[in-house]
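Engineer: Take a look at the following structure, please.
The values are calculated or read from the model by the stated rules, or taken from the named source; none is laboratory data. What you see is a predicted model; the values in this text were computed from it and never measured. Cβ coordinates were reconstructed from backbone atoms using ideal geometry, including for glycine residues, and neighbour counts include every protein chain displayed. With ligands, DNA and RNA removed, areas are computed over all heavy atoms of the protein, side chains included. Shrake-Rupley method; radii C 1.70, N 1.55, O 1.52, S 1.80 Å.
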Amino acid sequence: MRSLADLAGRPVSTGATGSGAQVLAGRLLRVAGLTGGRAVREQRLGLAESVAALRRGTVDAVIWAGGVPTPALSALAWQLPLRVLPLETEAEALRAEYGPVYSAVTLPAGVYGLTAPVTTIGVGNYLLARPQVPDREARDVLRVVFDRWRVLLREVTAGARLEPRFAVATGDLPLHPGAVAYYRSVYG
């Protein structure tokens, strides 16, 4: 399999029911035209079950949404060769259909045994706070996160993009007043 279209009619793990991976999988399969007669044979499995099924050969692919690298997938890549399908076109289609929550991101060579970078789909992650959280506490949490991100996210490649200039972009989600205060302290 070299493209998403090659998954038509095949057994594919699409994430546990109600999970973010399952939502992404449904949307991804729709924008790729893998519905109706061209549908994949969906198996709604969590990550551990998906890895086991891929190892057994009972699924041909796994659609996963999570931090990079995901330890279970890294471990699997040591046991059997994995191919990450390029999804740049699908990322653009998802963005057009569902908004800026989706973007094209590049996995670097070396992750999951990749010999070359591969463009896939990125989904933003947000730290949410109730409006009742005091402004100072919200601001202080962000200060710790951004001052110590190298330690906090030591094992997560995606953490390399954890910067206030990226984090401030929350789409339609309003920033907590404490977050506004933190970002203003950084950028004026």
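Engineer: Which residues, taken from segment 170-188, are modelled with pLDDT under 85 and either charged (D, E, K, R) or under 22 Å from Gly99 (Cβ atoms) (or both)?
Structural biologist: Within segment 170-188, Thr170, Gly171, Asp172, Leu173 qualify.
Engineer: What number of residues in segment 27-60 are touching a Ser or Thr at 6+ places or on another chain (Cβ under 7 Å) and small (Gly, Ala, Ser)?
Structural biologist: Adding up the residues that qualify gives 2.
Engineer: Under 7 Å between Cβ atoms, which residue pairs at least 6 apart in sequence (or on different chains) link something in segment 162-173 that is at negative phi and in a loop (DSSP other than H, G, I, E, B) with a partner that is among the aromatic types (Phe, Trp, Tyr) and at pLDDT 80 or above?
Structural biologist: Val168/Tyr183; Thr170/Tyr126; Leu173/Tyr126
Engineer: Further question on the same structure: Which one is nearest to Val123 (Cα to Cα) among residues in segment 27-82 that are of a type in the set (Gly, Ala, Ser) and loosely packed, with under 13 Cβ neighbours inside 10 Å?
Structural biologist: Looking only at segment 27-82, we keep the residues that are of a type in the set (Gly, Ala, Ser), and these are 32-33, 36-37, 39, 46, 48, 50, 52-53, 57, 61, 65-67, 72, 74-75, 77.
Now narrow it down to the ones that are loosely packed, with under 13 Cβ neighbours inside 10 Å: 36-37, 48, 57, 75.
Working: Gly36: 26, Gly37: 28, Ala48: 21, Gly57: 28, Ala75: 23 Å.
Out of the qualifying residues, it is Ala48.
Engineer: Could we say that Val118 is of a type in the set (Val, Ile, Thr) and either open to solvent by 60 Å² or more (accessible area, probe 1.4 Å) or modelled with pLDDT under 80 (or both) here?
Structural biologist: Details: of a type in the set (Val, Ile, Thr): yes; either open to solvent by 60 Å² or more (accessible area, probe 1.4 Å) or modelled with pLDDT under 80 (or both): no.
In short, no.
Engineer: If you check every pair at least six apart or on different chains, which have Cβ atoms under 7 Å apart with a residue in segment 119-140 that is under 18 Å from Arg27 (Cα atoms) first and a residue that is open to solvent by 60 Å² or more (accessible area, probe 1.4 Å) and not in a helix (DSSP H, G or I) second?
Structural biologist: Listed pairs, sorted by first residue: Thr119/Pro86; Thr119/Thr106.
Engineer: Need pairs with beta-carbon distance below 6 Å; first residue within 26 Å of Glu92 (Cβ to Cβ) and of a type in the set (Ser, Thr, Tyr) and within segment 26-54, second modelled with pLDDT of 95 or more and not in a helix (DSSP H, G or I); sequence gap 6+ or separate chains.
Structural biologist: Correct list of pairs: Ser50/Ser13; Ser50/Val62.
Engineer: Scan segment 123-136 for residues that are outside any helix (DSSP H, G or I) and either open to solvent by less than 100 Å² (accessible area, probe 1.4 Å) or not aliphatic (A, V, I, L, M) (or both) and jot them down.
Structural biologist: Of the residues in segment 123-136, the ones outside any helix (DSSP H, G or I) are 123-134.
Those that are outside any helix (DSSP H, G or I) and either open to solvent by less than 100 Å² (accessible area, probe 1.4 Å) or not aliphatic (A, V, I, L, M) (or both): Val123, Gly124, Asn125, Tyr126, Ala129, Arg130, Pro131, Gln132, Val133, Pro134.
Engineer: Something else: Search segment 34-54 for residues being modelled with pLDDT of 95 or more and of a type in the set (Lys, Arg), and hand back the single one that is farthest from Leu24 (Cα to Cα).
Structural biologist: Taking the candidates together, the pick is Arg41.
Engineer: Yes or no: Ser19 farther than 22 Å from Tyr102 by Cα and surrounded by 16 or more Cβ atoms within 10 Å (Cβ to Cβ)?
Structural biologist: Working: farther than 22 Å from Tyr102 by Cα: no; surrounded by 16 or more Cβ atoms within 10 Å (Cβ to Cβ): yes.
Judged against the criteria, Ser19 is not a match.
Engineer: Further, regarding this structure: Does Glu97 count as touching a residue at least 40 places away in the same chain (Cβ under 8 Å), under 24 Å from Gly124 (Cα atoms) and open to solvent by 50 Å² or more (accessible area, probe 1.4 Å)?
Structural biologist: Values: touching a residue at least 40 places away in the same chain (Cβ under 8 Å): yes; under 24 Å from Gly124 (Cα atoms): yes; open to solvent by 50 Å² or more (accessible area, probe 1.4 Å): yes.
Yes, satisfied.
Engineer: Condition test on Ala104, is it surrounded by 15 or more Cβ atoms within 10 Å (Cβ to Cβ) and either modelled with pLDDT of 95 or more or at positive phi (or both)? Let's see the steps before the verdict.
Structural biologist: On the way: surrounded by 15 or more Cβ atoms within 10 Å (Cβ to Cβ): yes; either modelled with pLDDT of 95 or more or at positive phi (or both): no.
Considered against the rule, which asks whether it is surrounded by 15 or more Cβ atoms within 10 Å (Cβ to Cβ) and either modelled with pLDDT of 95 or more or at positive phi (or both), Ala104 comes out as no.
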